[in-house]
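Notes follow the structure.
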Amino acid sequence: MTLRIYDDWEQARRTVLRRRSVSALEEVPAPLRASIERVFGKELTPEQAVAQILADVRQRGDDALREWTARIDHLELDGIEVPAEAIETAPRQIPGDLLEALDLAAERIRAFHARQPIPSWTTDEMGGTLGQRVNPLRRVGVYVPGGTAPLPSSLLMAVIPARVAGVEEIVACTPPGRDGGRVPDVILAAAHVAGVDRLFRLGGAQAIGALAYGTATVPRVDKIVGAGGLFTTLAKRQVYGQVGLDGLYGPTETVVVADDSANPAWVAADLLAQAEHDVLATAVLLTPSRRLAEAVQAEAARQTKDLSRADVIAASLAGQGGIVLTPNLETAVGLADEFAPEHLCLSVQDPEHWAGRIRNAGGLFLGEHSFEVLGDYVAGPSHIMPTGGTARWGSPVNVLDFCKIVNVIALDAGTAARISPAAARIAAAESLTGHGAAAMARGDGV
C-alpha cells in the first residue's frame with residue numbers, strides 16, 4: 001500500500017479533494033447493485049429500494065419490519081424490542097476496564113454539553129413582553145450503526161446530549177447482531193450508561209421508517225439523530241418532514257494540515273485510524289513539506305502491516321486518500337477550509353493562529369495532542385459531525401439539536417395600536433386585505 005503524493009495541488013483539488021455523491025444506478029458499485037436485485041427481485045436504484053421499504057413499513061408496521069430484517073439481514077426476529085432487563089444487567093457482562101472507559105466517556109460528554117447555553121429569554125423594552133422559550137423535544141430516536149463492528153461510542157455521543165437537553169423519552173435502534181440477532185453486550189451497556197429508555201433490534205431503512213412513522217411496537221419520534229450507511233442516510237432524507245433530522249451523513253473524513261514540525265509517525269497513525277472506518281472513508285494530508293510527506297508515506301506503509309483492517313485501509317487510501325503538497329501553509333489551510341471536512345486536524349507549530357482562518361469544519365483539532373481519535377471517544381464533544389462538505393452550514397450534534405424554540409409575543413395595547421398601521425400598510429402591499437382589516441381593527445381599539 002502506497003499513499004499517493006500529489007505534487008500539483010490544483011490537480012488534487014480536482015481529484016482527491018473533489019466532492020462526490022453516489023445516487024444514480026450507474027454510479028452504484030456492482031456488488032451493491034447485485035445485492036439490491038437479489039433482495040428486491042429487480043434492478044432498482046438505492047433511492048427506489050429505500051422508498052419501497054419505507055412505504056411497506058408505513059403500511060404494515062411490525063410485520064414489514066420482521067420481513068425486511070429477514071430479507072436483508074437474514075434474521076428471523078423473535079422480538080423487535082430488547083428487554084429492559086437485558087439493558088439493566090449488561091454492565092456486568094462486559095470487562096470492568098471497558099465499563100470504566102464507557103463511564104469516563106459518558107462523564108466527559110455530559111460535562112461538555114452541560115456547559116452549552118440554551119436559555120429562554122424575554123424583554124419588556126419593545127412594548128409588552130417578547131421572547132423565546134426553549135423547550136426540549138418530547139421523544140427522540142437515535143440510530144446506532146452496527147455494520148462490521150458495534151459502535152457504543154456513537155450511542156453515547158447522541159443520547160447524552162439529548163439527556164442534557166431534557167428530552168422526555170429516548171429510544172434507539174441498532175442492527176441485530178450476527179450472533180443470532182443478539183445486540184452486543186457493549187451496546188447494551190452503553191445504552192444503560194447513557195440512559196436509553198427503549199432499544200430496538202432494527203437496522204437500515206426499516207429502522208428509520210419505524211422511528212418516523214411508528215408501529216405497534218416502535219413509537220413515532222419527533223426527531224431522528226445518528227449516522228448510518230447509504231440506506232440509512234437515504235431513508236432519513238426521504239422521511240424528512242414527517243420527522244426532524246440532525247443531518248445527512250456520508251462516509252467519515254479527516255484532513256490533516258501539517259508543517260515540518262509534525263511527527264510523521266503520529267500523522268500517519270491518524271490517517272490510518274480514519275481510513276480503517278470504511279473503504280469510502282477519506283484521509284488526506286495537506287502540507288508544504290516534502291520531507292514530511294515522504295516520511296508520512298513511509299510510515300503509513302509500515303504501520304498498515306500491523307493493523308487488523310489493512311485491507312479496508314488500503315481500499316480507502318487508494319480511493320479517497322492522499323498527501324497533497326502545497327506551496328505554503330496558507331494554501332494548505334485554505335484548501336482544508338474549502339473542503340469543509342468532518343475532522344480538521346492542525347498539526348502545526350502555531351495551531352491557534354491558523355485556527356482563526358478556518359470557518360468550515362465539523363471538529364477542529366488543535367495540535368498533535370488533540371488528535372481525532374480522542375474526539376471519537378473521550379474528549380467530550382459529540383463525534384457525530386457534518387460530512388460531505390455540509391460543514392459549510394451544518395454543526396455537530398449538540399444540545400440544541402434536541403430543543404425547539406417557541407416565540408412568545410405578549411404586546412401591550414398601546415404598542416399594538418402604534419404598530420398596527422405599519423402592519424396594515426405591508427398587508428396592502430401584499431394584497432391581503434383581510435390582514436389589513438384585522439390590523440386596523442386592533443389599531444382602532446376594537
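Find the residue count for segment 87-101, including only residues that are among the small types (G, A, S) and either out of contact with any helix residue (DSSP H, G or I) (no Cβ under 6 Å at 6 or more places or on another chain) or surrounded by fewer than 14 Cβ atoms within 10 Å (Cβ to Cβ) (or both).
Residues of segment 87-101 among the small types (G, A, S): 90, 96, 101.
If we keep only those that are either out of contact with any helix residue (DSSP H, G or I) (no Cβ under 6 Å at 6 or more places or on another chain) or surrounded by fewer than 14 Cβ atoms within 10 Å (Cβ to Cβ) (or both) too, we end up with 96, 101.
Result for segment 87-101: 2.
From the list A262, A281, exactly one residue is closer than 20 Å to I358 by Cα and either buried (at least 20 other Cβ atoms within 10 Å of the Cβ) or under 26 Å from the mean Cα position of the chain (by Cα) (or both). Which is it?
Details: A281 fails: closer than 20 Å to I358 by Cα.
One residue alone meets the criteria, A262.
So if I check each of P176, P152, P145, which one is in contact (Cβ under 8 Å) with a residue 24 or more places away in the chain, surrounded by 14 or more Cβ atoms within 10 Å (Cβ to Cβ) and either of a type in the set (F, W, Y) or under 13 Å from V196 (Cβ atoms) (or both)? Talk me through it step by step, then tell me what you get.
Numbers: P176 fails: either of a type in the set (F, W, Y) or under 13 Å from V196 (Cβ atoms) (or both); P145 fails: either of a type in the set (F, W, Y) or under 13 Å from V196 (Cβ atoms) (or both).
That would be P152, the only listed residue that is in contact (Cβ under 8 Å) with a residue 24 or more places away in the chain, surrounded by 14 or more Cβ atoms within 10 Å (Cβ to Cβ) and either of a type in the set (F, W, Y) or under 13 Å from V196 (Cβ atoms) (or both).
Would segment 181-198 turn up any residue that is crowded, with 24+ Cβ neighbours inside 10 Å and free of Cβ contacts under 8 Å to residues at least 40 places away in the same chain?
Among the residues of segment 181-198, not one is crowded, with 24+ Cβ neighbours inside 10 Å and free of Cβ contacts under 8 Å to residues at least 40 places away in the same chain, which makes the answer no.
Could you pull out every one of the helices (runs of 4 or more DSSP H) wholly within segment 6-108 that has 3 or more residues that are of a type in the set (S, T, N, Q)? Explain how you work it out, then say what you get.
Numbers: elements: 9-14, 30-40, 46-60, 62-68, 84-89.
So the answer is 46-60.
Filter segment 45-62 for residues that are among the aliphatic types (A, V, I, L, M) and touching a residue at least 12 places away in the same chain (Cβ under 8 Å) and give the result. Spell out the reasoning first.
Narrowing segment 45-62 to residues among the aliphatic types (A, V, I, L, M): 49-51, 53-55, 57.
Listed by number, the residues that qualify are A49, V50, A51, I53, L54, V57.
Give the residues of segment 306-320 that are farther than 23 Å from A227 by Cβ and either modelled with pLDDT of 95 or more or assigned to a helix (DSSP H, G or I) (or both), sorted by residue number.
Narrowing segment 306-320 to residues farther than 23 Å from A227 by Cβ: 306, 310, 314, 318.
If the condition is that a residue be farther than 23 Å from A227 by Cβ and either modelled with pLDDT of 95 or more or assigned to a helix (DSSP H, G or I) (or both), then A310, A314, A318 are the ones that fit.
Scan segment 343-371 for residues that are under 26 Å from A162 (Cα atoms) and buried (at least 22 other Cβ atoms within 10 Å of the Cβ) and jot them down.
Correct list: H343, L344, A361, G362, G363, F365.
Taking I384 as the residue in question, decide whether it is of a type in the set (V, I, T) and touching a Phe, Trp or Tyr at 6+ places or on another chain (Cβ under 9 Å). Quick ask: steps written out before the conclusion?
On the way: of a type in the set (V, I, T): yes; touching a Phe, Trp or Tyr at 6+ places or on another chain (Cβ under 9 Å): yes.
Answer is yes for this residue.
State whether the residues of segment 127-137 include one that is in contact (Cβ under 8 Å) with a residue 40 or more places away in the chain, under 30 Å from T69 (Cα atoms) and in contact with a helix residue (DSSP H, G or I) (Cβ under 7 Å, 6 or more places away or on another chain). Can you show your working first?
Pass one, segment 127-137, residues in contact (Cβ under 8 Å) with a residue 40 or more places away in the chain: 127-137.
From what's left, under 30 Å from T69 (Cα atoms): 137.
Going one step further and asking which of them are in contact with a helix residue (DSSP H, G or I) (Cβ under 7 Å, 6 or more places away or on another chain), we end up with 137.
Yes, the conditions are met somewhere in segment 127-137.
Which one of these is in contact (Cβ under 8 Å) with a residue 24 or more places away in the chain, small (G, A, S), in a helix (DSSP H, G or I) and exposed (fewer than 11 other Cβ atoms within 10 Å of the Cβ): G414, G434?
Details: G434 fails: in contact (Cβ under 8 Å) with a residue 24 or more places away in the chain.
Result: G414 is the single residue among G414, G434 that is in contact (Cβ under 8 Å) with a residue 24 or more places away in the chain, small (G, A, S), in a helix (DSSP H, G or I) and exposed (fewer than 11 other Cβ atoms within 10 Å of the Cβ).
Look through I405, I409, I323 and report the one residue that is in a strand (DSSP E or B), over 25 Å from the mean Cα position of the chain (by Cα) and exposed (fewer than 15 other Cβ atoms within 10 Å of the Cβ). Reasoning before the result, please.
Details: I405 fails: over 25 Å from the mean Cα position of the chain (by Cα); I323 fails: exposed (fewer than 15 other Cβ atoms within 10 Å of the Cβ).
The conditions single out I409.
Go through segment 215-305 and tell me which strands (runs of 3 or more DSSP E), entirely inside it, have 2 or more residues that are farther than 23 Å from R18 by Cβ, modelled with pLDDT of 95 or more and in contact with a helix residue (DSSP H, G or I) (Cβ under 6 Å, 6 or more places away or on another chain).
Working: elements: 223-225, 253-258, 282-287.
The qualifying strands (runs of 3 or more DSSP E) are 223-225.
Residue under question is T148, and the condition is that it be part of a loop (DSSP other than H, G, I, E, B), among the polar types (S, T, N, Q) and not assigned by TED's automatic domain parsing to the domain that holds P381; does it hold?
Values: part of a loop (DSSP other than H, G, I, E, B): yes; among the polar types (S, T, N, Q): yes; not assigned by TED's automatic domain parsing to the domain that holds P381: yes.
For T148, the condition - part of a loop (DSSP other than H, G, I, E, B), among the polar types (S, T, N, Q) and not assigned by TED's automatic domain parsing to the domain that holds P381 - is met.
The values are calculated or read from the model by the stated rules, or taken from the named source; none is laboratory data. Computed from a predicted structure; not experimentally measured. So basically every Cβ, Gly included, is an ideal-geometry build from the backbone, and we count neighbours across all protein chains shown.
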